[in-house]
1. Does A:Y72 satisfy the criteria of being more than 9 Å from every other protein chain (Cβ to nearest Cβ), in a loop (DSSP other than H, G, I, E, B) and either at pLDDT 90 or above or touching a Pro at 6+ places or on another chain (Cβ under 8 Å) (or both)?
2. Would a scan of segment B:31-41 turn up a residue that is modelled with pLDDT of 90 or more, open to solvent by 60 Å² or more (accessible area, probe 1.4 Å) and either not in a loop (DSSP other than H, G, I, E, B) or not assigned by TED's automatic domain parsing to the domain that holds B:A157 (or both)?
3. Among the residues of segment A:115-123, is any of a type in the set (S, T, N, Q), open to solvent by 20 Å² or more (accessible area, probe 1.4 Å) and modelled with pLDDT of 90 or more?
4. Which residue is farthest from the other protein chains (Cβ to nearest Cβ), if the candidates are limited to segment A:13-55 and must be touching a helix residue (DSSP H, G or I) at 6+ places or on another chain (Cβ under 9 Å), outside any helix (DSSP H, G or I) and within 13 Å of ligand 2 (Cβ to nearest atom)?
5. State whether the residues of segment B:200-207 include one that is out of contact with any Pro (no Cβ under 7 Å at 6 or more places or on another chain), more than 14 Å from chain A (Cβ to nearest Cβ) and open to solvent by 50 Å² or more (accessible area, probe 1.4 Å).
6. Condition check: at the interface with chain B (Cβ under 9 Å from one of its Cβ atoms), surrounded by 22 or more Cβ atoms within 10 Å (Cβ to Cβ) and either part of a strand (DSSP E or B) or at pLDDT 95 or above (or both). Does A:G86 satisfy that?
7. How do the pairs read when you match residues in segment B:228-248 that are of a type in the set (D, E) with residues anywhere that are not in a loop (DSSP other than H, G, I, E, B), using Cβ under 9 Å and keeping only pairs 6 or more apart or on different chains?
Amino acid sequence: MAIIVDHLNYIYGQDTEQAVHALQDINLQIPDGQFIGIIGHTGSGKSTLMQHLNGLLKATSGTIYYNGQDIYDEDYKLKDLRSHVGLVFQYPEHQLFEADVFSDVCFGPKNLGLSKKDAELRAFEALRKVGFPEELFYTSPFDLSGGQKRRVAIAGVLAMKPDVLILDEPTAGLDPKGREDILGMVKSLQRESGMTILLVSHSMDDVAEYVDRILVMDHGRIAFDDIPRNVFSHVEELEEMHLAAPQVTYILRDLEKAGIDVDENATTVEEAASTILQAFGIK
Amino acid sequence: MIRDITIGQYYQTDSVLHRLDPRVKLLGTLLYLVSLFCFHNPAGYAVALLFLILCIRLSHVPFGYMIKGMKGIMMILMITILFNLFLTSGTVLVSFWKITITVEGLKLAITMALRLCMLIIGASLMTLTTTPNHLTDGLEKGLRFLKVIKMPVHEIAMMMAIALRFIPILLEETDKIMKAQLARGADFESGGLVRRAKAMVPLLVPLFVSAFRRANDLAMAMEARCYRGGDGRTKMKPLIYAGRDYAAYLILLAYLVISIFLGRWSVMTELLTSL
Ligand SMILES: Nc1ncnc2c1ncn2[C@@H]1O[C@H](COP(=O)(O)OP(=O)(O)OP(=O)(O)O)[C@@H](O)[C@H]1O
Ligand SMILES: [Mg+2]
């Protein structure tokens, strides 16, 4: 049970002057229950790859297997795939359309053919999971703040109960508190329901803090695919790709250079704090 | 998906036609289109076709790219051909079952198809070689004389410029929202007419909301930069005729004289003999 991406290529605007080779020979295996972070400079192909995983874009060549089935097979139902692989777009609040929040979240489950009652139950559950205040359930989605809209949009996908959840920069344009809330919620989702989660992000600190594995994309290729610790040990290469390591990595490197014996591969703030305390002999 | 429409789009490259003053192109296109409806014999069409081919070569726009945009009007073209072919009365050419094809019908179908193709290629040649900004600049300056009868020429040109500018943005937005709703299990393709119309709601509502939001932002941005209409407004790059523009006018005139002379030969001779 997993997603396998096999020699995937995608070209935008093929046969025109402005053809863009957005994905080049992508190979991937995504086992169940993993929390994966995808980072890369703007235009590196992150969103394009994510749209392939639920069949919104069809590869120019190569293929994708979901649970052992080729999703490009003639008789494969892409609509089913989309109910298993949920995708939350960059700035998802632009897709809200119903008169009130609750009905908007019901849209997904209703499309799955669920009865009104089941759809409402799922919507309720999803809105609770994203921590959306109950007194706002029946207001218009257009009257909400940016962060609230974002939660509603994520709930709209969660209500379909996908096995794999893809979030394309879910924290873009939110304040630090909103970012932490959303990422914390995503992490707890993964812990509680064992969902596979793919998180696209520009913030190394966010990714380092939460994920099990990191994919680094560069010019349509996968440059690194490893656990955070190993990926962030390639600071120079990352900087060449216009990326950076988490802030703690830089601090630890400087401390190391200053002759203090710290573990410079720590990636989260907590790990860093403990290794620094240790170096100074404080428990 | 929706991005494949090329009619009315600009094609970025460098050519004489691209550099030409938009007023020349506007007037030229207008005259060319009118001329297509004045011909009465093949010679006229031959000249018009030759002129078009010359312009296409000059524009450096790949012919394949132009044709791709014509797919959308294929239906209209087919219907025109079929109607003219089967519904024109005259001397019978072939006849089978309930269908008869007449000589006149065949002639009419061919000329109409030719006319339609040249019409569309001629018009799209203008938009392919002129940026929307340039086009509206040309319109504004070319139609300035209408100000005398209190036509708000500048305002109309500005509205056109904004509308043209927004087309690609709205297409992109439609694509995005469509994908987002597909990801939520929406189905735009199956079902009867009513179901399909209903399925458009999740697409249209966000699209309108975003269009209004954009319009609002734009109005605000324009006001913040003290935009107050066309009065007393100067241009950074005013349109000034260059030598090539006068040359183009001359070529246009030559085309008109030759094509009308040839295309209406029969009418002329009649006129002359009657004198
Ligand atoms: N609809 C499109 N048509 C043509 N080219 C596109 C389209 N969408 C993306 N591209 C191009 O494909 C490449 C990859 O784009 P993509 O959106 O996947 O990047 P990204 O990694 O998600 O960037 P960002 O971090 O800015 O979201 C870019 O070079 C982009 O210009
Ligand atoms: Mg993106």
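1. Values: more than 9 Å from every other protein chain (Cβ to nearest Cβ): yes; in a loop (DSSP other than H, G, I, E, B): yes; either at pLDDT 90 or above or touching a Pro at 6+ places or on another chain (Cβ under 8 Å) (or both): yes.
It is true that A:Y72 is more than 9 Å from every other protein chain (Cβ to nearest Cβ), in a loop (DSSP other than H, G, I, E, B) and either at pLDDT 90 or above or touching a Pro at 6+ places or on another chain (Cβ under 8 Å) (or both).
2. The answer is no; no qualifying residue exists.
3. As a first pass, look at segment A:115-123 and keep what is of a type in the set (S, T, N, Q): A:115.
Restricting the remaining residues to those that are open to solvent by 20 Å² or more (accessible area, probe 1.4 Å) gives A:115.
Still in the running and modelled with pLDDT of 90 or more: A:115.
Within segment A:115-123, one or more residues are of a type in the set (S, T, N, Q), open to solvent by 20 Å² or more (accessible area, probe 1.4 Å) and modelled with pLDDT of 90 or more.
4. Filtering first and then ranking leaves A:I39.
5. At the first step, the residues of segment B:200-207 found to be out of contact with any Pro (no Cβ under 7 Å at 6 or more places or on another chain) are B:200-207.
Now drop any that are not more than 14 Å from chain A (Cβ to nearest Cβ), which leaves none.
No; the residues of segment B:200-207 include none that is out of contact with any Pro (no Cβ under 7 Å at 6 or more places or on another chain), more than 14 Å from chain A (Cβ to nearest Cβ) and open to solvent by 50 Å² or more (accessible area, probe 1.4 Å).
6. Working: at the interface with chain B (Cβ under 9 Å from one of its Cβ atoms): yes; surrounded by 22 or more Cβ atoms within 10 Å (Cβ to Cβ): yes; either part of a strand (DSSP E or B) or at pLDDT 95 or above (or both): yes.
Yes: the conditions hold for A:G86.
7. B:D231/B:H154; B:D245/B:R23; B:D245/B:V24
Residues are listed down the side, and each one gets a yes or a no for (1) away from every other protein chain (no Cβ under 14 Å); (2) touching a helix residue (DSSP H, G or I) at 6+ places or on another chain (Cβ under 8 Å); (3) within 25 Å of A:D100 (Cα to Cα); (4) among the small types (G, A, S):
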site: B:I149; (1), (2), (3), (4): yes, no, no, no
site: B:E155; (1), (2), (3), (4): yes, no, no, no
site: B:E173; (1), (2), (3), (4): no, yes, yes, no
site: B:M178; (1), (2), (3), (4): no, yes, yes, no
site: B:L182; (1), (2), (3), (4): no, yes, yes, no
site: B:D187; (1), (2), (3), (4): no, yes, yes, no
site: B:V209; (1), (2), (3), (4): no, yes, yes, no
site: B:A221; (1), (2), (3), (4): yes, no, no, yes
site: B:K235; (1), (2), (3), (4): yes, yes, no, no
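The values are calculated or read from the model by the stated rules, or taken from the named source; none is laboratory data. In this text the structure is predicted, and so the values were computed from the model without any measurement. With ideal geometry, Cβ positions are generated from the backbone for all residues, glycine too; neighbour counts draw on all protein chains shown. These accessible areas exclude ligands, DNA and RNA; they are computed on the full protein's heavy atoms, side chains included. Shrake-Rupley method; radii C 1.70, N 1.55, O 1.52, S 1.80 Å.
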